[in-house]
Structure formats: C-alpha cells, structure tokens
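The structure under discussion appears below in the form of structure tokens.
A short reminder: the numbers here are calculations on the coordinates, not readings from a lab. The structure presented is a predicted model; accordingly, all values stated were derived computationally and were not measured. Note that each Cβ is placed from the backbone with ideal geometry, even for glycine, and that neighbours are counted across all protein chains shown.
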Amino acid sequence: MGGGVVQRDGGGGRRRRGRRSQPMGEINVTPFVDVMMVLLIIFMVAAPLMTVGVPVELPKTAANALEADDQEEPLTITLTAEGQLQIMTTEITDEDLIPRLRAIAAERVDDKVFLRADGAIPYERVVQVMGALNAGGFSNIGLVTDTGGPTLGGN
C-alpha cells in the first residue's frame, strides 16, 4: 500500500492549498422530488375517499353513463338500505328534504340532482322521493346505478 502525507492544520481538518471554495451553481432537486412523491401518494390515497361515502348497493343496469359537468360536485341524495335519507353525507328527515335542497340549490349553478338508492329499497319509496323532488321544483333528476346489468335482449 502506498503512503501519502497529509498536512493538517491545528483544528484537525485538511487544509487545501491554493483553492478557494466556490459557490455551487446547481440546485439539489432530490428533496423536492421526495416531497412531491409523498404528496402524490397522499393524494392518490385520499382521492377515492372524497367521493360520497354512504355505502349503498346500487342496482346494476345496462344504461350508459350520463355526461358529468365538472363545474361543481354533483348534488346527491341517497336512500340507504335501512331507509335513511341523506343529502350528500348528512342524514335528514323526509320533511327537511325539500327545504334543505332549495337552500343548497340557491347557491349552486347546476340544477341536476342525483338519486342513489340501495337495491333493497322498495320501488315505492324511490318513486315517492322522486315525486317529492319533482313537486319541489327539481325536475333534472338522474338515477345512479352500477354498470354491468342485464341488457334484456338489447345491444
């Protein structure tokens, strides 16, 4: 092995002769990339949780999806399997449905209302809610279903 001589100053550090330290002209982007990756993962995990969080077993149909307007989050009314009525994620009584919807609709641009009903709910209950919405002035109602249902001989 070869031996070399290293000169040390009194503090124990190496001394450079004839060289001044120059400012580094490059930005270290590794911490920035690390932070962006963490934020990406957080948003990927959180995005599915931002949808309407009421568990409902929607009926399956062969209907095509409606075109969504991305201006604002759709106003959603949910009928759960237990018969509870909810606007977005807030549980309400039958008597509060139309007054609350009118208050919410006054602040919105889009007049569309989406009705989500569990498949176990009797058809009569779904139609009663639709009739109340129509009588309350909400005529642009979309029924939310899952795809993959029977086509009943259609294409």
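Using 0.36 nm per residue, how much length does the chain from residue 124 to residue 34 gain when fully extended, once their Cα-Cα distance is taken away?
Stretched out fully, the residue 124 to residue 34 stretch lengthens by 27.0 nm.
Under a Cβ-Cβ cut-off of 11 Å, what is the net charge of the residues other than residue 137 that fall near it, where Lys and Arg count +1 and Asp and Glu count -1?
Once all neighbours under 11 Å are counted, the net charge is 0.
Return the FRET efficiency for the residue pair residue 106, residue 147: r is the Cβ-Cβ distance, R0 is 41 Å, and the value is rounded to the nearest 0.05.
0.80
What is the mean projected area of the alpha carbon convex hull for the stretch 60-147, to one decimal in square nanometres?
Its average projected convex-hull area is 5.8 nm².
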